[in-house]
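Next up is a structure, given as structure tokens.
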Amino acid sequence: MRIERIEKQPEVKELITEQKIDLKLLDPLIKRLSHKKGNLIPLLQGTQDIFGYIPPDALKYISDELGLKMTDMYGVVTFYAQFKLKPVGKYIIRVCHGTACHVQNADKISDDLKTFLEVKDGDTTVDGIFTLESVACLGCCSLAPVMMIGDDTFGKLTGKKAVDVVKEIRRKENLSADENLTKNTISTINLTKVLKAGKKAGN
């Protein structure tokens, strides 16, 4: 089942980005697919694999290299939900707004998540951990209202339950970050000790 985004898509002229990317990373992909028929979707998939999303500059680069129309490429990118025009978080939260979920107050779930994460629909949190999306249907109507985070499905939700799920993920992420910080701090301390010991030995 194809999942479609509900939010309004930006116009082509709105896709200008300041983020610098190495467009030359696309050259092997373009070379491999340039002479194949129906190569647009594989090109877009490969581009997203490289950058994690499809940067506007990459669309223009492919357009210039292969003579493809930007409007045609943009049309394909916005038609398929698999393609992302903006960088996405480590965890993509998809809140179902199909009929079954809508009547079970899916709007409240989205609103509570927006408030907790401090994002709008389709945006990514400032820490880059979560992206929040509304989707037309997740195909789990018997569990309505439903959301997915990555490959995990959460059903029979309320706004509070949805926020609690996200809080737990963030807690684990923070613990992981703290552990890495501790390891880095210990490594720095140990390195400092080694350097000091070396200086003493030299003296």
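Read-outs: derived from the displayed coordinates by stated rules, not from any lab. Source: prediction; values computed, not measured. No Cβ is skipped: glycine too gets one built from the backbone with ideal geometry, and neighbour counts run over all protein chains shown.
Out of the stretch 89-140, which chymotrypsin sites (Phe, Trp or Tyr not before Pro) are coil in DSSP terms and have no more than 14 other C-beta atoms within 10 Å?
none
Within 10 Å of each candidate Cβ there may be at most 11 other Cβ atoms; applying that plus a DSSP loop requirement, which GluC sites (Glu not before Pro) in the stretch 64-147 survive?
Sites meeting the loop and neighbour criteria: 118.
Oh, and also: If each of residue 60 and residue 151 carries a label point 7 Å out from its Cα toward its Cβ, how far apart are those two points in nm?
Spacing of the two 7 Å Cα→Cβ label points: 3.8 nm.
Among the listed pairs 31/60; 69/90; 108/161, give every one whose C-alpha distance is greater than 20 Å.
69/90
Name the residues of the stretch 58-75 whose amide N is less than 19 Å from a point 7 angstrom out from the Cα of residue 35 along the C-beta direction?
Within reach of a label on residue 35, which here means backbone N under 19 Å from a point 7 Å along Cα→Cβ, the stretch 58-75 contributes 65-68.
Can I ask one more? Taking 0.36 nm per residue of sequence separation and subtracting the Cα-Cα distance, how much length would be gained by fully extending the chain between residue 21 and residue 168, in nm to one decimal?
Full-extension gain reported as 49.6 nm.
As an exercise, find the ratio Rg/Rh for the stretch 91-177 from alpha-carbon atoms, using the Kirkwood inverse-distance average for Rh.
Radius of gyration relative to Kirkwood radius: 0.95.
Stretched out fully, how many nm does the piece from residue 118 to residue 79 gain, at 0.36 nm a residue minus the Cα gap?
Full extension of this stretch gives 11.3 nm more.
Could you calculate the FRET efficiency of residue 70 with residue 126 from 1/(1 + (r/R0)^6), where r is the beta carbon distance between them and R0 is 25 Å, rounded to 0.05?
Plugging the Cβ-Cβ distance into 1/(1 + (r/R0)^6) gives 0.25.
Using the Cβ atoms and a cut-off under 11 Å, what net charge is assigned to the surroundings of residue 63, where Lys and Arg are +1 and Asp and Glu are -1?
Computed value for this residue: -2.
Which ³J(HN,Hα) values, rounded to whole Hz and listed in residue order, are derived for the stretch 111-128 from phi using the Karplus coefficients 6.51, -1.76 and 1.60 in 6.51 cos²θ - 1.76 cosθ + 1.60 with θ = phi - 60°, glycine and proline given as x?
For the stretch 111-128, the Karplus curve yields 4, 5, 5, 4, 5, 5, 7, 6, 9, 9, 4, x, 9, 10, 5, 4, 7, x Hz.
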